[in-house]
């Protein structure tokens, strides 16, 4: 019997299996269930089309303007924030005249949601898989704010911007920390240039957060590191306490300017998943969703 064809076939099968295994390994950092045992909190946005995000995990903020002269009114309508029925959260900015509950009228609508008083945590690996919108005047962001924000204000509470993307410059990813310096905002920024616009497909954005160090990550790779020891005089590292998460799609903040005729509406920020994985120091003093309470230490 000639065994040569059999040997060749086995070798080919082995090579194919090796390629598949390698691809699975390389994709592991973008899978929402990777390192399941270390996940302290997550949302995969499963549910029927048109449903609002899980109220046990997210609160919807509404109103006009906000702190950077934004032009939209944030709403809690499914037209601006809802599940798409395919495992994504769609945050949609629209060009429309709208008067919110605050009585203020805007020319755009969008959505802003947060985990304040539902999930608050300190330290760990924070990630979201997102397909960003493109267009002048659009600012999609995944970020975190200090849980004492309502008490001490901004920037004293601190801010960790895991990602912001200027819709007009969608080949640049921004990761920024905001802290106080002599009573003013001090921003420490890192940027990552990409070969293609990030609006073309999903990417994983995140930070690895430890007590005195924050590393910014894009598709699993570190592109910038901020350390407490490197702050200039007068700046305070106000990042050693619990934070809550936010997802926002702002329209026309001052540093971007308003949309123009080239900006296409509706514009959608599509979020595949969000998760927080534990690190050595992670703790979660606030976890409201019962199914998630046992996953994260309550004390540092």
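The values are calculated or read from the model by the stated rules, or taken from the named source; none is laboratory data. A quick note: this is a predicted structure, and the numbers were derived from the prediction, not measured. Neighbour counts are summed over all protein chains in view; Cβ atoms, including those assigned to glycine, are modelled from backbone coordinates with ideal geometry.
Taking the stated definitions as given, is residue 18 at pLDDT 50 or above and surrounded by fewer than 17 Cβ atoms within 10 Å (Cβ to Cβ)?
For residue 18, the condition - at pLDDT 50 or above and surrounded by fewer than 17 Cβ atoms within 10 Å (Cβ to Cβ) - is not met.
Only one residue in 92, 105 is within 18 Å of residue 265 (Cβ to Cβ), surrounded by fewer than 18 Cβ atoms within 10 Å (Cβ to Cβ) and out of contact with any helix residue (DSSP H, G or I) (no Cβ under 8 Å at 6 or more places or on another chain). Which one?
When all the criteria are applied, what remains is 105.
Could you pull out the residue among 188, 149, 177, 138 that is closer than 30 Å to residue 297 by Cα, more than 12 Å from the chain's Cα centre (by Cα), buried (at least 21 other Cβ atoms within 10 Å of the Cβ) and in the same structural domain as residue 272 (by TED's automatic domain parsing)?
Exactly one of 188, 149, 177, 138 is closer than 30 Å to residue 297 by Cα, more than 12 Å from the chain's Cα centre (by Cα), buried (at least 21 other Cβ atoms within 10 Å of the Cβ) and in the same structural domain as residue 272 (by TED's automatic domain parsing), namely 177.
Failed condition for residue 55, given (1) in contact (Cβ under 8 Å) with a residue 12 or more places away in the chain; (2) within 19 Å of the chain's Cα centre (by Cα), with all others met?
Residue 55 satisfies all of (1) in contact (Cβ under 8 Å) with a residue 12 or more places away in the chain; (2) within 19 Å of the chain's Cα centre (by Cα) except (1).
Could you list all residues from region 50-77 that are within 22 Å of residue 137 (Cα to Cα), in contact with a strand residue (DSSP E or B) (Cβ under 9 Å, 6 or more places away or on another chain) and assigned to a loop (DSSP other than H, G, I, E, B)?
Once the filter is applied, which keeps residues that are within 22 Å of residue 137 (Cα to Cα), in contact with a strand residue (DSSP E or B) (Cβ under 9 Å, 6 or more places away or on another chain) and assigned to a loop (DSSP other than H, G, I, E, B), region 50-77 yields 62, 65, 66, 68, 70, 71, 75, 76, 77.
Can we say residue 43 is surrounded by 15 or more Cβ atoms within 10 Å (Cβ to Cβ), at pLDDT 65 or above and on the phi < 0 side of the Ramachandran plot?
Yes, satisfied.
For (1) assigned by TED's automatic domain parsing to the domain that holds residue 254; (2) farther than 21 Å from residue 206 by Cβ; (3) modelled with pLDDT under 95; (4) crowded, with 16+ Cβ neighbours inside 10 Å, each residue gets a yes or a no:
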| residue | (1), (2), (3), (4) |
| --- | --- |
| 58 | yes, no, no, yes |
| 75 | yes, yes, no, yes |
| 78 | yes, yes, no, no |
| 82 | yes, yes, no, yes |
| 88 | yes, no, no, yes |
| 112 | yes, no, no, yes |
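Let's see how each residue does on (1) at positive phi; (2) in a loop (DSSP other than H, G, I, E, B); (3) in contact with a strand residue (DSSP E or B) (Cβ under 6 Å, 6 or more places away or on another chain):
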{"residue": "108", "(1), (2), (3)": "no, no, yes"}
{"residue": "120", "(1), (2), (3)": "no, no, yes"}
{"residue": "125", "(1), (2), (3)": "no, no, yes"}
{"residue": "141", "(1), (2), (3)": "no, no, yes"}
{"residue": "157", "(1), (2), (3)": "no, yes, yes"}
{"residue": "161", "(1), (2), (3)": "no, no, yes"}
{"residue": "168", "(1), (2), (3)": "no, yes, no"}
{"residue": "180", "(1), (2), (3)": "no, no, no"}
